[in-house]
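Report on the structure given below.
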Amino acid sequence: MSIDKALLQQAGGELLASQRVLIISHIHPDGDAIGSLLGLGLALETLGKDVTMVLADGIPGSFRYLNGSSRVVSHLDGTYDMICVVDCSDRERTGNVLPAETVIDLNIDHHATNLNFARLNLVDTQAAAAAEIVIDILRHIAVQFSPAVVEALLTGLVTDTIGFRTSSTTPKTLRLAADLMEAGGDLSKIYRLSLITRSYEAARLWGAGLTNIQREGGLTWTTLTREDRQAVNYPGRDDADLINVLSSVDGIDIALIFIEQSNGNVKVSWRAQPGFDVSQVALSFGGGGHAAASGAEISGSLQQVRDRVLEATRPLLNHQNLASEQS
């Protein structure tokens, strides 16, 4: 589903008319969440807007190379004319930053599982990244792209396509990346910093996760406990992108990683090869995402969540195998 032009025009008009703008994205933010948040926020500031950018979990160290990252806070401050949520399929993914009764004015997203939870929903499931939609909005309201805005939006495109390698990458995605490069974006730098460079602690965390890897036919998974992160002094609550390593294993159709959290929950990430859709499984656990990449945060012990999720995921492989046999 692509964006309705009238809706794009209305959203752009309301952003221009607003003075105090709040922009939020999801917990455990990735490059697209951060890039879209900063790209939209910093661009609106060039128009003289008073912008507050909020991430419940803050910005991971791997993305602090982005100009403006120090401006992102973890809490609200005052009242706002317009509240925007970027790269979130549902409002709970913001980490309950907002009071339950708060009306969200603008929802900018590209996930097929989006619940259209805002007053205005700019949801384009054909976009490879939320950053694509942010670019569309900023072009519509004729904002000049500063170097910081270019860098943030290019980071969104690069990371959500894993370096333009996902099946969601389209000619439009590549044209937008080329436009951002012509505007001064350093693609090689962003690729290196966002996708390749890892801290020593992250590399050691990968070691712990790879030690625990298991396989069952076309399904593979691993777990990361709180003790694993503490043992290697890893500061984050994520998997340091280990899931992308698991999904690269030859012969694997679906990869999962289970990351124990300190609040009694377990963060789960799914990755799938073309032909498999893990988004509905994630949605059934209160998460969401794309056919090939989804996530959820689930209440329960590491073993309980792992067993429940594996049980819910296995039928995808069985159904695909049955379909292959019948064709």
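No lab work stands behind these numbers, since they all come straight from the coordinates. Computed from a prediction, not measured in an experiment: that's the story for all the values here. All Cβ positions, glycine included, derive from the backbone under ideal geometry; neighbour counts span all protein chains shown.
Observations on the model:
- Meets criteria (free of Cβ contacts under 8 Å to residues at least 12 places away in the same chain, in a loop (DSSP other than H, G, I, E, B) and surrounded by fewer than 17 Cβ atoms within 10 Å (Cβ to Cβ)) for Ala142: yes
- Filter result (surrounded by 18 or more Cβ atoms within 10 Å (Cβ to Cβ) and either of a type in the set (D, E, K, R) or not in a loop (DSSP other than H, G, I, E, B) (or both)) within the stretch 93-119: Arg93, Thr94, Asp105, Leu106, Asn107, Ile108, Asp109
- Taken together, Asp136, Asp228, Asp179 contain a single residue that is assigned to a helix (DSSP H, G or I), closer than 29 Å to Ala6 by Cα and more than 20 Å from the chain's Cα centre (by Cα), which is Asp179.
- Pairing residues of the stretch 10-32 that are closer than 22 Å to Ile298 by Cβ with residues that are surrounded by fewer than 17 Cβ atoms within 10 Å (Cβ to Cβ), at Cβ distances under 7 Å and at least 6 apart in sequence or on separate chains, gives Ile27/Asp57; His28/Asp57; Pro29/Asp57.
- Test result for Thr113, touching a residue at least 12 places away in the same chain (Cβ under 8 Å) and under 28 Å from Asp241 (Cβ atoms): yes
- The residues of the stretch 155-205 that are touching a residue at least 60 places away in the same chain (Cβ under 8 Å) and touching a helix residue (DSSP H, G or I) at 6+ places or on another chain (Cβ under 6 Å), listed by number, are Thr155, Gly156, Leu157, Val158, Thr159, Asp160, Ser194.
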